[in-house]
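> Here it is, the structure, as structure tokens.
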Amino acid sequence: MITADQLVAHAIGDYVLQSDWMANEKTKRSVAALAHVLTYTLPFLILTRSPAALAIILGSHFVIDRWRLARYVCWAKNWLSPVGTRPWPECAVTGYPPDRPAWLAVWLLIIADNVMHVVINGLAIQHFG
């Protein structure tokens with residue numbers, strides 16, 4: 001399902017080809033998110049020419065990044081804890097409460113975001129690619 005090629009394509013698209021402007025503006029402006037997902041999808045052209053797979057990769061990446069959906073995943077998963085989680089307004093920035101060390105909350109958010117992208121990309125390429 002997930003190959004080394006897909007991980008490399010993801011890393012190139014999400015980190016190497018993403019400008020500082022894209023990274024800072026993609027959650028605020030759709031044009032920045034669109035510019036990011038268009039460049040993000042380019043490395044995947046090496047792995048597949050399937051219009052369906054590429055559309056899923058591009059579309060899901062836009063939705064996940066534009067509205068920073070990983071923070072909802074981070075917040076929701078804490079409902080599995082016996083302690084529960086804090087109310088959404090307290091956790092809205094990263095999905096974690098403000099008393100969590102900022103560096104840890106940001107890295108856990110980045111990891112959740114990357115896992116979401118990689119799994120969706122892998123499924124799209126496996127099913128349509």
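The values are calculated or read from the model by the stated rules, or taken from the named source; none is laboratory data. Bear in mind the structure is a predicted one, so any value in this text is a computation, not a measurement. No Cβ is skipped: glycine too gets one built from the backbone with ideal geometry, and neighbour counts run over all protein chains shown.
> Being of a type in the set (A, V, I, L, M) and within 19 Å of Met1 (Cβ to Cβ) is the requirement here; does Ile110 meet it?
Here the answer is no, as Ile110 does not meet what is asked.
> Does Leu108 count as aliphatic (A, V, I, L, M), within 19 Å of Gly129 (Cβ to Cβ) and touching a Phe, Trp or Tyr at 6+ places or on another chain (Cβ under 8 Å)? So that I can check it myself, show each step before the final result.
Values: aliphatic (A, V, I, L, M): yes; within 19 Å of Gly129 (Cβ to Cβ): no; touching a Phe, Trp or Tyr at 6+ places or on another chain (Cβ under 8 Å): yes.
Judged against the criteria, Leu108 is not a match.
> Considering only segment 67-85, state which residues are surrounded by 14 or more Cβ atoms within 10 Å (Cβ to Cβ), over 9 Å from the mean Cα position of the chain (by Cα) and modelled with pLDDT of 95 or more. Step through it out loud before you land on a result.
Taking segment 67-85 and keeping what is surrounded by 14 or more Cβ atoms within 10 Å (Cβ to Cβ), we get 68-75, 78, 85.
When the remaining residues are screened for being over 9 Å from the mean Cα position of the chain (by Cα), the result is 71-75, 78, 85.
The answer is Arg71, Tyr72, Val73, Cys74, Trp75.
> When segment 94-106 is examined, which residues are found to be part of a loop (DSSP other than H, G, I, E, B) and surrounded by 14 or more Cβ atoms within 10 Å (Cβ to Cβ)? Can you show your working first?
Going through segment 94-106, the residues part of a loop (DSSP other than H, G, I, E, B) turn out to be 94-101.
Correct list: Thr94, Gly95, Tyr96, Pro97, Arg100.
> Then there's this: Inside segment 38-69, can you point out the residues that are touching a helix residue (DSSP H, G or I) at 6+ places or on another chain (Cβ under 6 Å) and not hydrophobic (A, V, I, L, M, F, W, C)?
Tyr40, Thr41, Pro43, Thr48, Ser50, Ser60, His61, Asp65, Arg66
> Still on this model: For Arg49, indicate whether it is closer than 14 Å to Ala112 by Cβ and either out of contact with any strand residue (DSSP E or B) (no Cβ under 9 Å at 6 or more places or on another chain) or at pLDDT 95 or above (or both). Full working, then the answer.
Numbers: closer than 14 Å to Ala112 by Cβ: no; either out of contact with any strand residue (DSSP E or B) (no Cβ under 9 Å at 6 or more places or on another chain) or at pLDDT 95 or above (or both): yes.
Spelling it out, it is not the case that Arg49 is closer than 14 Å to Ala112 by Cβ and either out of contact with any strand residue (DSSP E or B) (no Cβ under 9 Å at 6 or more places or on another chain) or at pLDDT 95 or above (or both).
> Scan Ile56, Ile2, Ile46 and give me the residue that is in contact (Cβ under 8 Å) with a residue 40 or more places away in the chain, surrounded by 19 or more Cβ atoms within 10 Å (Cβ to Cβ) and among the β-branched types (Val, Ile, Thr). I'd like the intermediate steps shown before the answer.
Values: Ile2 fails: surrounded by 19 or more Cβ atoms within 10 Å (Cβ to Cβ); Ile46 fails: surrounded by 19 or more Cβ atoms within 10 Å (Cβ to Cβ).
Step by step, each of Ile56, Ile2, Ile46 is checked, and only Ile56 is in contact (Cβ under 8 Å) with a residue 40 or more places away in the chain, surrounded by 19 or more Cβ atoms within 10 Å (Cβ to Cβ) and among the β-branched types (Val, Ile, Thr).
> Which of the residues belonging to segment 5-22 are free of Cβ contacts under 8 Å to residues at least 12 places away in the same chain and closer than 23 Å to Val115 by Cβ?
Hits for segment 5-22 are Ala11, Tyr15, Val16.
> Determine whether His127 is crowded, with 18+ Cβ neighbours inside 10 Å and either under 22 Å from Trp21 (Cα atoms) or not hydrophobic (A, V, I, L, M, F, W, C) (or both).
no
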